[in-house]
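Single-structure report; data block below.
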Amino acid sequence: MYTPSRREFLKSSVTTACSTGLGVCGLAELLAGSPASSGVLATPPPAPLPIKKGVLLEMLPAKLSYAERMKLARDVGFEVIQAPTTPDEREAEAIKKAADAASVRIDSVMNMDHWKYPLSSADPAVVEKSLAGMRTSLHNANLWGSDTVLLVPAVVNPQTSYRDAWTRSQTQIRKLLPLAEELKIVIAIEEVWNKFLLSPLEMAKYIGEFQSPWIQAWFDVGNVVLYGYPQDWIRTLGKGIAKVHLKDFKRKENGYEWVNLGDGDVDWEAVREAFRETGYSGSAICELDGGDEAYLRDVSRRVDRLVLGRT
């Protein structure tokens, strides 16, 4: 947006005065009320954040072809896509072809087997299925040109203690590190409702113990609202955040619900300021209900306003 200089402002004001017959007195009154005349310049708004807007592939209408879905994502304003683990090689190729044709990048993969087959399980067969799913996700990422795979690292339950979840999952993730390093793909650990990594300090410690640039954090803004503050997590994890999920969370008298961005309890101004302070410039991917073109355009505009700071 073009912003006139102080000199140009004064020059245009004089021209206006002459053309409208204000005269010297009228011009003096005009300038007396302007910020420029008193030497006080209005503070410009902060520049929009350099964060890439993203959307889940599953949020795009399933009735459309992959090519149509990718084009729709681009047309409504999204720059990147997060796609799920896709074991079928032909389908994975079709997704790549559609993204390339629409000039939309698949920048991350949502690993799919970590809930059903957690790495923290005491059953070796379950763990091996989880590892196989992550290997597929990493190869998907390599095919699609993605740089990150999301991983839920463990699940604490009556059979798995917190301590066991910590040690078992780290042991298994270390087995994946050679492949991640070979393919140059980050494994990003997400905080979810798995009764594990319940504070930003814990998450930072868990990730730090790997001592590897290929293990980072995937931060979900909405997931922590029940027991923390997103802005606190952002500042604590800092440069360790690889990617971000966007959703909103609304407390109710008899429970809660997931809602559209801006309709819940997330303090988006505080979140935006935390991203600005930490210099985050990666992707922020919406994880919401799917919908049609009008709905997706609205979501895109909400990201502009609430997260990026665009007016």
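Looking at GLU287, GLU253, GLU257, GLU277, just one residue is in contact (Cβ under 8 Å) with a residue 60 or more places away in the chain and open to solvent by 30 Å² or more (accessible area, probe 1.4 Å), and that residue is GLU287. Residue selection: ASP232 satisfies the criterion of being open to solvent by 20 Å² or more (accessible area, probe 1.4 Å) and under 19 Å from VAL307 (Cβ atoms).
To keep it simple, each residue is scored yes or no on (1) in contact (Cβ under 8 Å) with a residue 12 or more places away in the chain; (2) of a type in the set (Ser, Thr, Tyr); (3) open to solvent by 70 Å² or more (accessible area, probe 1.4 Å).
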| residue | (1), (2), (3) |
| --- | --- |
| LYS195 | yes, no, yes |
| LYS205 | no, no, yes |
| SER212 | yes, yes, no |
| ALA242 | yes, no, no |
| ASP263 | yes, no, yes |
| TRP268 | yes, no, no |
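Could you please let me know if LYS63 is open to solvent by 30 Å² or more (accessible area, probe 1.4 Å), farther than 24 Å from SER281 by Cβ and without any contact (Cβ under 8 Å) to a residue 40 or more places away in the chain? Yes, satisfied. Restricting to segment 195-223, name every residue that is part of a loop (DSSP other than H, G, I, E, B) and touching a Ser or Thr at 6+ places or on another chain (Cβ under 9 Å). Across segment 195-223, the qualifying residues are PHE196, SER199. Screening ASN157 with (1) touching a Phe, Trp or Tyr at 6+ places or on another chain (Cβ under 9 Å); (2) open to solvent by 10 Å² or more (accessible area, probe 1.4 Å) gives one miss only, at (1).
Total residues in segment 103-144 satisfying the condition of being of a type in the set (Ser, Thr, Tyr) and surrounded by fewer than 16 Cβ atoms within 10 Å (Cβ to Cβ): the figure is 1. When ILE241, ILE215 are screened for being in contact with a Phe, Trp or Tyr (Cβ under 6 Å, 6 or more places away or on another chain) and either within 19 Å of ALA154 (Cα to Cα) or modelled with pLDDT of 95 or more (or both), only ILE241 passes. Of all residues in segment 145-154, exactly one satisfies the criterion of being open to solvent by 10 Å² or more (accessible area, probe 1.4 Å) and either touching a Lys or Arg at 6+ places or on another chain (Cβ under 6 Å) or of a type in the set (Asp, Glu) (or both), namely ASP147. Taking segment 165-189, which residues are open to solvent by less than 20 Å² (accessible area, probe 1.4 Å) and outside any helix (DSSP H, G or I)? The answer is ILE185, VAL186, ILE187, ALA188, ILE189.
The values are calculated or read from the model by the stated rules, or taken from the named source; none is laboratory data. Predicted model only: the values in this text are computed from it and were never measured. So basically every Cβ, Gly included, is an ideal-geometry build from the backbone, and we count neighbours across all protein chains shown. Only protein heavy atoms, including side chains, enter the accessible area calculation; ligands, DNA and RNA are left aside. Shrake-Rupley method; radii C 1.70, N 1.55, O 1.52, S 1.80 Å.
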